[in-house]
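Only one structure is covered here, and it is reproduced in the block below.
The values are calculated or read from the model by the stated rules, or taken from the named source; none is laboratory data. Please read these numbers as outputs of a predicted model, since none were measured by experiment. A quick note on method: Cβ atoms are made from the backbone with ideal geometry, for glycine too, and the neighbour counts reach across all protein chains shown.
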Amino acid sequence: MTTDAIQHADDRNVRSARRRRLQRQLPNTDIFAIGDVHGCLELQKKLEQLILEESNDVSRNKLILYLGDLVDRGPDSKGVIDHCLSPLPEGCERLSLCGNHDQLFFEFLLAPSLSAAWLDFGGQETLMSYGVDINQLIAGRANDEDLALALSEAIPGEHVRFLEALPVALTVPEAYFVHAGMRIGVPMEDQEDHDLMWIREDFLVDEAASDRLVVHGHSPAPTPRMGPGRIGIHTKAVGGGPLTALHLNGETTRFFSVAAE
């Protein structure tokens with residue numbers, strides 16, 4: 001099924017409320033934005049360790065910011081969310097935004113269905129990381145009620161609440177951080193959640209989307225993707241590429257990346 005079809009296939013599913021858009025000043029803080037993890041727990045842990053080792057200025061705070069798509073396709077979506085909920089050293093904060101895959105996972109949990117399009121969009125791998133085997137359920141002639149029961153037993157409530165609470169954007173004086181991008185010329189407060197999580201072709205053009213830098217994931221490329229007023233850092237970690245972070249210190253930027261050994 002195509003990406004466009006996935007966007008519209010589950011219109012009957014229960015939708016969550018409009019997601020929060022955060023605004024912070026973050027003085028004396030280094031921001032480390034990380035692209036799409038997609039269940040690659042070992043790369044996630046490796047990149048965070050590199051960030052903590054390389055950013056050894058104890059006088060500055062550190063924000064590790066995930067740009068969404070924590071789940072799907074990779075081997076350990078459950079482990080990735082567990083790690084996002086784990087503690088960090090003093091002076092460090094971890095924050096995650098909502099990507100389209102995280103949103104689809106949450107919607108699936110609200111209305112489980114063995115025929116959901118999300119299952120073929122990376123969802124089967126996500127559920128397997130929780131010990132829920134869709135093919136086994138189908139082979140055993142399970143119905144949607146059986147699926148809902150299996151999910152309630154396998155997926156911690158803390159994970160459901162985590163997905164529900166994910167904001168869709170972070171605004172700081174220097175930049176907007178979002179999963180996919182922004183509708184060009186539209187103020188952040190008027191942006192649609194769907195665009196912030198799904199937009200691609202209408203954003204990746206030769207025109208800046210806003211009055212400040214937009215840092216995003218979602219659109220994969222072998223290396224960080226630069227454009228007018230934007231930097232994309234989805235570098236295909238789940239497809240054998242590296243997991244990449246953008247370090248933003250005021251208007252100064254640099255990249256960190258780790259790859260599978």
Only listed residue being within 17 Å of the chain's Cα centre (by Cα) and assigned to a loop (DSSP other than H, G, I, E, B), chosen from 112, 167: 167
Any pair with Cβ under 6 angstrom, 6 or more apart, that starts in the stretch 129-156 at a residue that is modelled with pLDDT of 95 or more and ends at one that is hydroxyl-bearing (Ser, Thr, Tyr) and surrounded by 12 or more Cβ atoms within 10 Å (Cβ to Cβ): 129/77; 144/113; 154/130; 155/130
Given (1) within 19 Å of the chain's Cα centre (by Cα); (2) part of a helix (DSSP H, G or I), number of the condition residue 151 does not satisfy: (1)
Looking only at the stretch 31-64, and only at residues there that are modelled with pLDDT of 95 or more and acidic (Asp, Glu), the one that is surrounded by the fewest Cβ atoms within 10 Å (Cβ to Cβ): 42
Residues being modelled with pLDDT under 95 and not in a loop (DSSP other than H, G, I, E, B) - total across the stretch 1-28: 7
Residue within the stretch 193-206 that is in a strand (DSSP E or B) and either among the hydroxyl-bearing types (Ser, Thr, Tyr) or at pLDDT 95 or above (or both) present: no
Within the stretch 47-95, tally of residues that are charged (D, E, K, R), over 24 Å from residue 220 (Cβ atoms) and outside any strand (DSSP E or B): 6
Test result for residue 183, among the charged types (D, E, K, R), surrounded by 13 or more Cβ atoms within 10 Å (Cβ to Cβ) and touching a helix residue (DSSP H, G or I) at 6+ places or on another chain (Cβ under 8 Å): yes
First in the stretch 231-249 and closer than 21 Å to residue 75 by Cα and free of Cβ contacts under 8 Å to residues at least 60 places away in the same chain, second anywhere and assigned to a strand (DSSP E or B) and among the small types (Gly, Ala, Ser), Cβ under 9 Å, 6 or more apart: 241/257
When residues of the stretch 191-217 are limited to those that are β-branched (Val, Ile, Thr) and closer than 21 Å to residue 250 by Cβ, the one surrounded by the fewest Cβ atoms within 10 Å (Cβ to Cβ): 214
Criterion (farther than 17 Å from residue 193 by Cβ and either touching a Cys at 6+ places or on another chain (Cβ under 6 Å) or crowded, with 17+ Cβ neighbours inside 10 Å (or both)) met by exactly one of 95, 104: 95
Residue tally, condition farther than 18 Å from residue 164 by Cα and in a helix (DSSP H, G or I), over the stretch 122-132: 4
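Results for (1) more than 28 Å from residue 20 (Cβ to Cβ); (2) out of contact with any strand residue (DSSP E or B) (no Cβ under 7 Å at 6 or more places or on another chain); (3) not in a helix (DSSP H, G or I), shown as yes or no for each residue.
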position: 98; (1), (2), (3): no, yes, yes
position: 105; (1), (2), (3): no, yes, no
position: 120; (1), (2), (3): yes, yes, no
position: 135; (1), (2), (3): yes, yes, no
position: 138; (1), (2), (3): yes, yes, no
position: 142; (1), (2), (3): yes, yes, yes
position: 145; (1), (2), (3): yes, yes, no
